[in-house]
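The values are calculated or read from the model by the stated rules, or taken from the named source; none is laboratory data. Predicted model, so just to flag it, every value in this text is computed and none were measured. Using ideal geometry, Cβ is built from the backbone for each residue, glycine included, and neighbour counts are taken over all protein chains shown.
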Ligand code: ZN
């Protein structure tokens with residue numbers, strides 16, 4: 001496909017050279033598309049505009065995109081433009097226009113911003129005009145480069161701090177004369193999720209978020225851009241974000257870099273009034289973190305405990321609604337078990353669990369395909385539920401704890417609660433850093449993904 005497009009452009013084109021950038025356009029002027037697409041007052045802080053166009057019988061494209069003069073960056077940008085052209089051409093390969101005014105047309109234009117030490121970010125807007133359905137669809141995508149490297153937009157913000165970013169965007173829309181009244185009618189249009197903040201560019205002292213027409217405000221507003229000063233969302237930047245947007249390293253990562261062993265204590269089957277709180281007291285005393293895999297029908301009784309867990313920096317995972325053995329359930333029953341508990345936790349804390357621990361460790365292919373979170377197992381079972389013996393639980397952990405381990409306990413048994421009073425200080429004395437499951441994987445640069453099961457971080 002790529003080959004074909006290049007040959008078309010070469011045969012029918014003349015070439016302009018502007019400071020090393022090529023502008024390719026076919027010269028049959030009367031064959032030009034019906035409109036010329038351009039962003040109103042685009043910000044273009046670097047490079048030059050470049051054009052790639054082809055006006056054919058049924059399909060046309062007319063792309064304006066940047067040439068920065070850096071060949072690695074330009075290759076990535078050109079790749080995005082040609083991918084867009086290729087999918088437009090192949091998706092519409094059977095389209096018959098019957099006359100120039102009925103051709104399907106693809107356009108692009110762009111903005112380019114600079115930040116930090118001469119780094120750039122690019123916003124590309126696309127328009128597809130489809131006369132057969134009388135629709136015009138505008139979309140936006142952003143590319144952020146750190147030096148010559150394209151960074152993943154997903155890595156810029158901490159998952160637990162998305163709420164801060166989303167709230168700042170909402171506040172900004174509500175204080176904007178232009179958008180206020182329309183946004184007020186539908187202020188839930190921006191969900192608290194990564195998906196809601198995936199298109200953005202870094203500018204000198206701010207982050208600019210972009211939304212396609214109709215996605216958060218009525219279509220007539222066009223592409224909506226919301227500029228947020230970086231200080232407002234400072235604490236949401238991850239340590240993987242490029243400077244000057246880089247967040248501080250997590251203390252778990254610092255511990256790993258210092259060569260300390262790291263471990264994740266996990267507690268299942270709670271929360272339980274009078275028991276879970278004592279474990280939280282101990283964690284708070286030593287500034288340690290743990291992960292609680294909660295059962296939904298108990299969690300709904302104790303929203304205050306859930307809230308305290310999050311306030312102390314602990315993590316809440318999903319242990320189903322009724323402690324069901326997931327491998328014996330249908331896909332919709334599994335979804336019901338997971339979603340109900342996620343909703344309860346999100347309602348109490350504002351944070352949706354991102355991990356699932358299947359009760360009894362029971363999982364099959366259906367469970368893996370259905371659950372949209374990583375499955376977290378364990379590699380040290382204290383057997384606290386069986387022995388119900390404080391010393392036995394203490395000894396098991398202290399004798400067998402190693403770096404990267406996920407330790408299974410239950411916060412509903414009194415002997416376990418007692419054991420924790422010894423386990424936490426002793427582990428710290430041995431040099432261990434006590435992290436949540438997510439912190440431990442992140443600190444070790446290990447990615448965990450939905451549909452996969454993990455028993456340890458190594
Ligand atoms: Zn359980």
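When residue 400 is tested against the conditions (1) in contact with a helix residue (DSSP H, G or I) (Cβ under 9 Å, 6 or more places away or on another chain); (2) more than 16 Å from the ligand (Cβ to nearest atom), the lone failure is (1). Looking only at residues in the stretch 346-362 that are within 16 Å of the ligand (Cβ to nearest atom) and touching a residue at least 24 places away in the same chain (Cβ under 8 Å), the one that is nearest to residue 302 (Cα to Cα) is 353. Among the conditions (1) more than 23 Å from residue 191 (Cβ to Cβ); (2) within 16 Å of the ligand (Cβ to nearest atom), residue 284 misses just one, which is (2). Consider the stretch 294-323 and keep the residues that are within 12 Å of the ligand (Cβ to nearest atom), in a loop (DSSP other than H, G, I, E, B) and touching a helix residue (DSSP H, G or I) at 6+ places or on another chain (Cβ under 7 Å). The one that is nearest to residue 263 (Cα to Cα) is 319. Here residue 160 meets the list (1) assigned to a helix (DSSP H, G or I); (2) under 27 Å from residue 135 (Cα atoms) almost entirely, failing just condition (2).
Residues in the stretch 80-115 that are part of a loop (DSSP other than H, G, I, E, B) and either under 12 Å from residue 56 (Cα atoms) or more than 32 Å from the chain's Cα centre (by Cα) (or both): 93, 94, 95, 96, 97, 98, 99, 103.
Each residue in the stretch 360-385 was checked for being part of a helix (DSSP H, G or I) and crowded, with 18+ Cβ neighbours inside 10 Å, and 3 of them qualify. Considering the conditions (1) more than 24 Å from residue 342 (Cα to Cα); (2) surrounded by fewer than 15 Cβ atoms within 10 Å (Cβ to Cβ); (3) under 21 Å from the mean Cα position of the chain (by Cα), residue 224 is excluded by exactly one of them, (2).
Flag not set for residue 132, criterion: over 25 Å from the mean Cα position of the chain (by Cα), surrounded by 15 or more Cβ atoms within 10 Å (Cβ to Cβ) and under 21 Å from residue 55 (Cβ atoms). Consider residue 100 carefully, then state whether it is in contact (Cβ under 8 Å) with a residue 60 or more places away in the chain and in the same structural domain as residue 48 (by TED's automatic domain parsing). Yes; evaluated as a whole, the condition is true for this residue. Only residues that are over 18 Å from residue 227 (Cα atoms), out of contact with any helix residue (DSSP H, G or I) (no Cβ under 7 Å at 6 or more places or on another chain) and crowded, with 17+ Cβ neighbours inside 10 Å were counted in the stretch 140-159, giving 2.
If I ask for residues that are within 16 Å of the ligand (Cβ to nearest atom) and more than 16 Å from residue 302 (Cβ to Cβ), which ones from the stretch 336-345 would you list? Of everything in the stretch 336-345, those that are within 16 Å of the ligand (Cβ to nearest atom) and more than 16 Å from residue 302 (Cβ to Cβ) turn out to be 337, 338.
As for the stretch 438-447, it holds no residue that is in a helix (DSSP H, G or I) and within 16 Å of the ligand (Cβ to nearest atom). Kindly check whether there is at least one residue in the stretch 325-335 that is within 14 Å of the ligand (Cβ to nearest atom), farther than 22 Å from residue 285 by Cα and assigned to a loop (DSSP other than H, G, I, E, B). Yes, the stretch 325-335 has at least one match. Being assigned by TED's automatic domain parsing to the domain that holds residue 282, in contact (Cβ under 8 Å) with a residue 40 or more places away in the chain, out of contact with any strand residue (DSSP E or B) (no Cβ under 9 Å at 6 or more places or on another chain) and not in a loop (DSSP other than H, G, I, E, B) is the requirement here; does residue 415 meet it? In short, no.
Looking for something within 14 Å of residue 292 (Cβ to Cβ), touching a residue at least 24 places away in the same chain (Cβ under 8 Å), in contact with a helix residue (DSSP H, G or I) (Cβ under 6 Å, 6 or more places away or on another chain) and surrounded by 17 or more Cβ atoms within 10 Å (Cβ to Cβ) - is there at least one such residue anywhere in the stretch 325-339? Within the stretch 325-339, none of the residues are within 14 Å of residue 292 (Cβ to Cβ), touching a residue at least 24 places away in the same chain (Cβ under 8 Å), in contact with a helix residue (DSSP H, G or I) (Cβ under 6 Å, 6 or more places away or on another chain) and surrounded by 17 or more Cβ atoms within 10 Å (Cβ to Cβ).
Among the residues of the stretch 429-443, which ones are on the phi < 0 side of the Ramachandran plot and out of contact with any strand residue (DSSP E or B) (no Cβ under 7 Å at 6 or more places or on another chain)? Once the filter is applied, which keeps residues that are on the phi < 0 side of the Ramachandran plot and out of contact with any strand residue (DSSP E or B) (no Cβ under 7 Å at 6 or more places or on another chain), the stretch 429-443 yields 429, 430, 439, 441, 442. Among the residues of the stretch 386-397, the ones that are in a loop (DSSP other than H, G, I, E, B) and within 16 Å of the ligand (Cβ to nearest atom) come to 1 in all. Of all residue pairs spaced 6 or more apart or on separate chains, those with beta-carbon atoms under 7 Å, a first member in the stretch 290-313 that is closer than 15 Å to residue 439 by Cβ and a second member that is assigned to a loop (DSSP other than H, G, I, E, B) and at pLDDT below 95 are 310/351.
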